[in-house]
1. Rounded, prolate or oblate: which one fits the chain, using the alpha carbon gyration tensor with axes a ≥ b ≥ c (rounded when a/c is under 1.5, else prolate when a/b beats b/c, else oblate)?
2. How much mean residue ellipticity at 222 nm does the chain get from its helices, if each DSSP H run of length 4 or more adds -39500 (n - 2.57) and you divide by all residues, to the nearest 500 deg cm²/dmol?
3. Can you list the aspartates and glutamates whose alpha carbon sits under 19 Å from that of K357, skipping same-chain ones fewer than 8 residues off?
4. Relative contact order, percent, of the range 234-314 when contacts are C-alpha pairs under 8 Å separated by at least 6 residues?
5. Over the chain, average the accessible area per residue using a 1.4 Å probe and give it in Å², no decimals.
6. Just the number, please: carbon plus sulfur as a percent of the accessible area of the range 8-82, 1.4 Å probe, no ligands or DNA/RNA counted.
7. At a threshold of 8 angstrom on Cα-Cα distance, excluding pairs fewer than six apart, so keeping six or more, what relative contact order does the chain reach in percent?
8. Using the per-residue mean of other Cβ atoms lying within 10 Å as a proxy for protection, in what order, highest first, do the peptides 461-471, 477-487, 394-404, 193-203 fall?
Amino acid sequence: MHRPLLTAGAIWRIADLLRGALQPDEYGPVILAFTVLRRMEQARTRSAAGLAGVAQAVDGLATFETLLARLPRSVQFIMTQLDVRALAHRLAQAELLDAVAAHFAALDLAPARYGTEGMARLFEELVHHFTTSRGTGVHYTPPEVTDLMVDLVFATDTVPTRHDLYDPAAGTGALLGRAADRLQTRGTEIRLFGQELGQQYCALCRADLLLRGQSPAQITQGNTLTEDGHGKRHFARMLANPPFGLDWRNIRSAIQAEHARGSAGRFPAGLPRLSDGSMLFMQHLLAKMRSPRHGGSRVGVVTHAGALSGGGAESGESAIRRYLVEHDLIDAIIALPMGMFVNTGIATYVWILDNHKPAARQGKVRLIDASFLWRRAMRSSGEKRREMTPGHLSAIMEACMAGAEMDVVLHEGEDGAAEHWDMLAADAPQERVPCHDPDTPFDGGDGIDWPSASRRMGFSRIVAGRDFLYRSLVVERPVYDDAPTRTVFLTDMAQDPHAWFASMIRPHDAEARLDMTRAQVGCAISFPRYFHRPAPHRPVEEIVRDLHHSMDRLAALMPDMTGKKQAE
């Protein structure tokens, strides 16, 4: 009889035995390390006592130390990063080491039952169990966001290819691992590379690569922003979900020194505010791109809204965006639904960067507002309340690859989620478009009419990159008893500053002066500018009903007013 495959939950049940001997945040390193050890001993061609020998030994700790000493150097390094020796000593003191070893020795993780892909997925589930049980979401990218980035970054591949894939903020390797699984189904050979600051997370990422049959050394440990662990290597494909709100003041001197190197360094465009270094990771990714003459690179990176429009014209964020626009490096930006991430509920965006865009897309940026494409999450976790389906991802891909701007006709459910929708060209009439959901009832007529609850709105827009640039102008007005007052105005780049001043300011203030020495060019990407969605008007009957209700409540708060007026 064929036994069912193990689940991460079944393996994790050993945590019940660890209570009291270890702290809850130490369960994960023990469980993950012993899982790796069990897999490795079953994958070896020569049999050895392994964990069963530890469980049966008179001195289990000494036997365990011998087992570790015989491991390959790369695996020993992973065990050191997970601090397994110290944990084993504590388990031995609590007289639990033999029981833990026996538990894992009884698990069947043999390659015959779990192929490389299956084992990697099981380990990924265990890692996710570990990170969520600790109440962190720092290194967790929603799987559907990973799928979307993979599809967009590899969209230009027309046949199965071979690529090296790099993540500069690898965390536990969940993003890289899921990307590898998705690409493998398409016949794409992939080698994974990355860097991670946290020792424990780096160990888990290396263990994942080990179980995938790849070299753990392809994941380096250290701060990517101060020391590039893959300094001489460039990549054609990269993915990243760098930490939001990363304070970098403790490494300020190193970052400023590299910025001072200009184009010879990794941060030539500018430096963001000290409280948020996420755009430093974006510049690092640019530095890791292959040159266009060698095929170029495509990059998928997750950011928050501040990366699009945070900071004024003089800010580092604006300078970085301007660099991206002037070098034509932005292919697309996708606005994701709110509430998608475990560790934050703020608005998030996926950027697709490309330094080798085809002629038809050069100088242009595709903006896609997918904030309405969501359903309520089957299981909420932290800040995550919503998720995206394969149908949502397909709609984004279709809009991203289309040659024209697209609209959608959307019908929302009671909770505001997209129940069904359909896409049409932005300049197409609405009345003869079939519905995405074939079960939706329609009214009669010569054409096909949408349900009355549906509404049409913009989905994708193709914008010239230079349209994101603006000019910051300072108008100064003398004040006789104090310093002059200065007012900042933002104008379109197409507007001549002197002509603007002559028509907009001079006729109304003869003493005002345009200070062109303070003029600056800024860059901001505003989704509302291209996807303005006014709230639908409330029915008059509903407004009148609410007004009467408010008046009744107000009257109830002043019970003496009627009697007072009668007395007067």
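The values are calculated or read from the model by the stated rules, or taken from the named source; none is laboratory data. Fair warning: this is a prediction, and the values are worked out from it, not measured in the lab. No Cβ is skipped: glycine too gets one built from the backbone with ideal geometry, and neighbour counts run over all protein chains shown. Side chains are part of the model used for accessible areas, which takes the heavy atoms of the whole protein and leaves out ligands, DNA and RNA. Shrake-Rupley method; radii C 1.70, N 1.55, O 1.52, S 1.80 Å.
1. Values: a/c = 1.84, a/b = 1.53, b/c = 1.20.
Prolate shape, in that a/c is at least 1.5 and a/b is the bigger ratio.
2. Values: 21 runs with 210 residues, N = 568.
Estimated from H runs of four or more residues: -11000 deg cm²/dmol.
3. D151, D157, E326, D328, D331, E398, E405, D467
4. Details: 96 pairs, mean separation 33.7, N = 81.
Here the relative contact order equals 42 percent.
5. On the way: 27870 Å² over 568 residues.
Result: 49 Å² of accessible area for each residue.
6. Details: 1830 of 3630 Å².
Percent of accessible area from carbon and sulfur atoms in the range 8-82: 51.
7. Working: 918 pairs, mean separation 52.3, N = 568.
Answer for the chain is 9 percent.
8. Working: 461-471: 17.9, 477-487: 9.5, 394-404: 16.0, 193-203: 21.9.
In descending order of packing, they fall as 193-203, 461-471, 394-404, 477-487.
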